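Data first, discussion second: the structure below is written as C-alpha cells.
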Amino acid sequence: MALECAELVVGDVLRGAALRVQRGEVVALTAPSGAGKSTLLRAVVRLVPLDGGVVRLDGTDVATLDPRVLRRRVGFVAQRPVMLPGTVADNLTYALDEPADLAAALDAAGLDASFADRDATRLSGGEQARVAIARALTRKPEVLLLDEPTSGLDAPLAEAIGRHVRELAAAGLAICLTSHDRAVVTGWADREQRL
Amino acid sequence: MSDVLVQGLAGIALAVVAVALAWRLGLGLSKELALAATRAVVQLTAVGAVIVAIFEIPALAFAFVAVMLTTAAFTAGRRIGGIPNGRVWAFVAIATPALTATGFLLAVGAFDFTPRAAVPTAGILIGGGMAAVSLTGRRMTEELESAHAEIEARLCLGDSARDALRPSIRRAIHTALTPAIDQTRSVGLVTLPGAFVGLLLGGAKPAEAASTQLVVLLSLLAVELAAAALLATFVQRAAVAPGERVRRLS
C-alpha cells in the first residue's frame with residue numbers, strides 16, 4: 001500500500017478518518033464541505049499535526065520520517081495553486097536538482113517552451129493549476145495529493161487535467177484527490193472513498 | 001523675550017497649524033497630532049532638566065540609556081505582539097547593536113567618553129534600532145499571514161521551515177532598511193539631518209558638523225541592519241513549529 005491512514009484525529013475536524021491508496025490508483029476522497037478533506041491531505045504531509053492515528057507511506061510511519069523527505073515523496077497541491085514569485089521556469093526549477101530538466105517539467109505541465117519566461121503569478125487559473133501539479137512532480141513523488149484540482153476551472157481545462165491525472169496513475173503514481181464535482185469523482189477516480 | 005522662549009512658541013504655533021489643518025481636512029488626526037506635540041513639549045522639557053543632572057552626575061547616564069532602551073523596546077514590541085516575550089526580544093534586538101556601536105565609537109575616540117557625547121550618540125542609535133525593529137516586526141507579522149500559502153508551497157517542495165521563511169525575512173529586512181538607505185543616500189541633497197542642523201545652530205563649524213553627522217549616519221546603517229536581522233531571527237524562531245511547519249503569529 002503506497003499510502004495508508006488509520007484512525008486520524010485532528011482536533012474536532014477529523015475523528016478517526018481512514019484512507020488507503022495503492023500505486024497506480026486514483027482515489028477520490030469525498031465528504032460534505034467542512035468535513036476535513038483538506039485537513040486530512042494536509043495532515044498526511046504533516047502541515048497539520050496529528051492528535052491521533054497513523055499515516056504510513058510504503059509501510060513506514062511518516063512520523064519517523066524527516067518532514068522534508070516526506071514532502072518530497074508525497075506531493076501536495078493545495079486547492080488554490082500558489083505560484084512562487086518569478087517566472088514559470090523559476091517555479092518549475094525550484095525543486096529541481098538539474099535545471100536541464102526544465103523542458104520535461106514544462107512538458108508535464110502541458111505548456112510549451114514559450115511559457116518558461118512568463119510571470120507565473122500572471123498565468124490563468126488553469127495554467128497555474130498545471131504548473132502547480134508539474135512543480136509537485138519535479139520531486140518525483142510516490143504519492144500525489146490534489147485538493148479540489150478543478151476548483152474554479154472550466155470544463156475543457158478540468159478534462160485536460162483529468163487526462164493528465166489518469167496518465168500519471170498509469171505511470172505508477174498513487175493519487176488521492178478531493179472534489180465536489182461528481183464528474184471528476186466518476187470520470188477520474190478508480191474508487192471513491194467517503195470520509 | 002529669550003531665544004529659548006521664541007523657539008518654543010514658534011514650534012508650538014506650527015504644531016497648532018498642523019492640528020488645525022488636520023481638523024479642516026477631516027483626517028481624524030487632530031487629537032493624535034495634539035497629543036504627540038504635547039508629549040514632545042513635556043518630554044523634551046523634562047529631558048533638558050535630566051540632561052543637566054546627567055552632566056553633573058555621570059553615573060546617571062547609564063540609567064538614562066537604560067530608560068531609553070526600555071522605552072524603545074516597549075514601543076517596538078507592540079509591533080510584534082504575536083511573539084511570546086516580544087518586548088524582551090525587541091530590547092535585545094535594539095540594545096545589542098546600538099550599545100555595541102556606541103561602545104565602538106567611544107572606544108576608537110570618534111566621540112569623547114563623556115555623558116555629553118555618549119548619551120546623544122546612544123540615543124540616536126537606539127532610535128534607529130527601534131525604527132528598524134518596528135518595521136521588521138510589523139512586516140514579518142504581515143508576511144506570516146499574507147504569504148502563508150507561499151511559505152506552505154515551499155514547505156511542500158521539501159524546504160525546511162527556515163528556508164521557506166527566508167524570502168519573507170528578506171522582504172521584511174528590505175522594508176526596514178529602506179528609510180535608512182534613502183536617508184543616507186539623500187543626505188545633503190534632500191535633507192539636512194538633525195545632528196548636523198543642531199550642531200550648526202549650536203555654533204559648530206560646518207566641517208565638524210558634517211563629520212559628526214557622517215559618523216552617525218554610517219553607524220545607523222550598521223545598527224539598523226543588525227537590529228532588523230536580529231529581530232527577524234527571533235520572529236523566525238517563534239514561527240517555526242515542530243515538524244518543519246510555520247505557524248502564524250497574529
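Summary of values
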quantity	calculated
Subset of region A:114-134 that is polar (S, T, N, Q) and assigned to a helix (DSSP H, G or I) - its residue that is surrounded by the most Cβ atoms within 10 Å (Cβ to Cβ)	A:Q128
Residues within region B:62-72 that are small (G, A, S) and touching a residue at least 40 places away in the same chain (Cβ under 8 Å), tallied	1
The listed residue being closer than 23 Å to B:G158 by Cβ and in contact with a Cys (Cβ under 8 Å, 6 or more places away or on another chain), out of A:L57, A:L19	A:L19
Which listed residue is assigned by TED's automatic domain parsing to the domain that holds B:A117, within 25 Å of A:Q128 (Cβ to Cβ) and not basic (K, R), from B:A164, B:A229	B:A164
Criterion: over 22 Å from B:G198 (Cβ atoms) and either among the charged types (D, E, K, R) or touching a Gly at 6+ places or on another chain (Cβ under 8 Å) (or both) - qualifying residue of B:P167, B:P97	B:P97
Tally, over region B:125-176, of residues that are surrounded by fewer than 20 Cβ atoms within 10 Å (Cβ to Cβ), closer than 18 Å to B:V223 by Cα and touching a helix residue (DSSP H, G or I) at 6+ places or on another chain (Cβ under 6 Å)	1
When residues of region A:35-65 are limited to those that are under 19 Å from the mean Cα position of the chain (by Cα) and of a type in the set (D, E, K, R), the one nearest to A:L145 (Cα to Cα)	A:R42
Filter result (β-branched (V, I, T) and loosely packed, with under 11 Cβ neighbours inside 10 Å) within region B:1-32	B:V4, B:V6, B:V17
Of all residues making up region A:148-178, the number that are closer than 20 Å to A:S124 by Cβ and in a loop (DSSP other than H, G, I, E, B)	7
Candidate set from region A:31-74 (those that are at the interface with chain B (Cβ under 8 Å from one of its Cβ atoms) and in contact with a Gly (Cβ under 8 Å, 6 or more places away or on another chain)); member that is farthest from A:R122 (Cα to Cα)	A:P49
Elements of type strands (runs of 3 or more DSSP E) in region A:1-77, at least 1 residues being among the aromatic types (F, W, Y) and touching a residue at least 60 places away in the same chain (Cβ under 8 Å)	A:74-77
Output for region A:75-93, where each listed residue is at the interface with another protein chain (Cβ under 9 Å from one of its Cβ atoms) and over 11 Å from A:V131 (Cβ atoms)	A:G75, A:F76, A:A78, A:R80, A:P85
Criterion: in contact with a helix residue (DSSP H, G or I) (Cβ under 6 Å, 6 or more places away or on another chain), modelled with pLDDT of 95 or more and surrounded by 15 or more Cβ atoms within 10 Å (Cβ to Cβ) - qualifying residue of A:V45, A:V27	A:V45
Verdict on A:V82 being under 19 Å from the mean Cα position of the chain (by Cα) and buried (at least 20 other Cβ atoms within 10 Å of the Cβ)	yes
Residue among B:L189, B:L214, B:L155 that alone is farther than 18 Å from B:I80 by Cα and assigned to a loop (DSSP other than H, G, I, E, B)	B:L189
Residue in region B:142-154 that is under 30 Å from A:F76 (Cβ atoms), more than 14 Å from chain A (Cβ to nearest Cβ) and touching a Lys or Arg at 6+ places or on another chain (Cβ under 7 Å) present	yes
Residue in region A:86-100 that is touching a Leu at 6+ places or on another chain (Cβ under 9 Å), acidic (D, E) and not in a loop (DSSP other than H, G, I, E, B) present	yes
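The values are calculated or read from the model by the stated rules, or taken from the named source; none is laboratory data. Everything numeric in this text was worked out from a predicted model, so none of it was measured. Neighbour counts run over all protein chains shown; Cβ positions are idealised from the backbone, glycine included.
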